[in-house]
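Derivation of every value follows stated rules applied to the coordinates shown; laboratory data play no part. Because the structure is predicted, anything quoted here is derived from the model rather than measured. Backbone-built Cβ (ideal geometry, glycine too); neighbour counts: all protein chains shown.
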Amino acid sequence: MQFDLVSPERELASMEAAAVQIPGADGDMTVMADHAPTITTLRPGLLRVEASGSTHEYVVTGGFAEINAQGVSVLAERAVARGDMTQDEMDAMCDEAQDVYNRAKQAAANEPGPVDDAVKLMADMVAVGSEIGLNTKQPSL
Amino acid sequence: MPNLKDLKNRIASVKSTRKITKAMQMVAAAKLRRAQEAAEQSRPYTERFLAVMAGLSSAAEGSDSAPKLLSGTGSDQVHMLVVMTSERGLCGGFNTNIVKLAKSHATKLQGQGKTVKILTVGKKGRDQLKRDFGDLLVGHVDMSDVKRMSYGDAQGVAKNVLGRFDDGEFDVATIFFGKFQNVVTQIPTAQQIIPFAVPEGYEASETLYDYEPDEEAILADLLPRAVATAIFAALLENAASEQGARMSAMDNATRNAGDMIDQLTIEYNRSRQAVITNELIEIISGAEAL
């Protein structure tokens, strides 16, 4: 199964993969060959790719994954290999989530929908941080 | 006839001008290669993104609940023109061409009784638009600190535009930028980004997809990103175009300086010869008089 990971700035990975674990907005899913064609949005999380004995991990945020007969393409606005993840990048991602929350709160004070989404986004950030062992700023709600 | 010393100084000054333009041309050539690579590398993302968007938006187009970014606000009274130019000059007609297109667009819209607002990205465009359309400028995004265009920069512009859209400041947004054709040709281009329209050549694929969460949620999530993606693509095109335009402008300047040096050198040699001839005549006629 073909696996592609592209960000707006470049193509990060293109390889044969046995299984890809995608952090979908509605929950993680593992894609193997002959998966039903699916399009899912991503939540901030770890993308795990198993290819010929080795496992590659990427931190991805914002974007979507397209699964079709040829394989999986993941389009992430921000994608960094787990090993290259730095504290600065983590901070930038947290700030971005905080920013989304602030704006959502301002724009939709009376509807819980967007604010809840933003809170979830920040919770996802913290979860990613703790999973890969980086500090995340405490979200201010 | 200018005296010899003046001519000599002119030649020296044109020579140093030529050195500068030559250096600028070589720098632009190196930057152009990098800008083209960046544009090249962003292409897979843009293409796949648009392919998925084509499928999603064609499904949602008819429905009443389609997001505003796709279906529009129901009016096209207020237009936002996002004019993207460079931060630096000395790149031939690059900025002027983009501004000219934006100006004609603005005048046309005003003729139809529409309200026009202009957001500028890059200093040069703002400077040129200030004179005729100063009262229409609603904002400016400064890119002078940006060394390498990143997606974050495009997101900044997109946020600015989307924020204004959410506040109901405008109905239709169009971006203006220079499309890179080759080193000598950059095509000033206008592209509508809000309401979002899938560019031609992208067809909805025939595969039936499962959507997670549902189609509408995905579409609502992806539309703002589509705006950012379109702006990013335009900024990259612009960066490549700017360097291409600068390269050919500086190439011309270098060649002109060379021609000028040749001409001045001929003039210099002639006047030097004239001075010598003069002196000889004086000496000979002096000797004959004795």
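The figures follow:
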| quantity | calculated |
| --- | --- |
| Residue-wise HN-Hα coupling along the range B:247-252, computed from phi with Karplus coefficients 6.51, -1.76, 1.60 (Hz; x: Gly, Pro) | 4, 6, 5, 6, 4, 4 |
| Inverse of mean 1/r across different Cα pairs in the range B:168-290, Kirkwood, Å | 21.0 Å |
| Cα-centred dipole magnitude for the range B:1-108, charges only on beta-carbon of K, R (+1) and D, E (-1), debye, nearest 20 | 1240 debye |
| Shielding by partners - mean other protein chain Cβ count within 10 Å, residues of B:211-219 | 4 |
| Cβ charges +1 (Lys, Arg) and -1 (Asp, Glu), total dipole of the protein assembly as shown, debye | 2880 debye |
| The range B:226-290 - charge dipole about Cα centre, Lys and Arg +1 at Cβ, Asp and Glu -1, debye rounded to 20 | 220 debye |
| P(r) histogram, all alpha-carbon pairs of the range B:35-190 included - 10 Å bins from 0, percent | 9, 34, 37, 18, 2 |
| Two-decimal ratio, chain B, of alpha-carbon radius of gyration to 2.2 N^0.38 Å | 1.46 |
| Cα-based helix-to-principal-axis angle, A:112-132 vs chain A, degrees rounded to 10 | 60 degrees |
| Cα lying deepest toward the dipole's positive end in the range B:181-284, options B:268, B:202, B:235, charges on Cβ | B:268 |
| Computed over the protein assembly as shown, Kirkwood Rh from alpha-carbon pairs, angstrom | 25.0 Å |
| Rg to Rh, two decimals, where the range A:85-132 supplies the alpha carbon set and Rh follows Kirkwood | 1.05 |
| Tail fraction, Cα-Cα pairs, the range B:1-107, threshold 15 Å, whole percent | 81 percent |
| For the range A:85-132, with +1 on Lys and Arg beta carbons and -1 on Asp and Glu, the positive-most of A:92, A:106, A:125 along the dipole | A:106 |
| Equivalent ellipsoid semi-axes - Cα gyration tensor, chain A, angstrom | 28, 17, 12 |
| Calculated over the range A:2-83: convex hull of Cα atoms, volume per residue (Å³) | 75 Å³ |
| Per-q log10 I(q)/I(0), the range B:113-168, q = 0.19, 0.29, 0.30 Å⁻¹ (Debye; single scatterer per alpha-carbon; no solvent) | -0.76, -1.19, -1.21 |
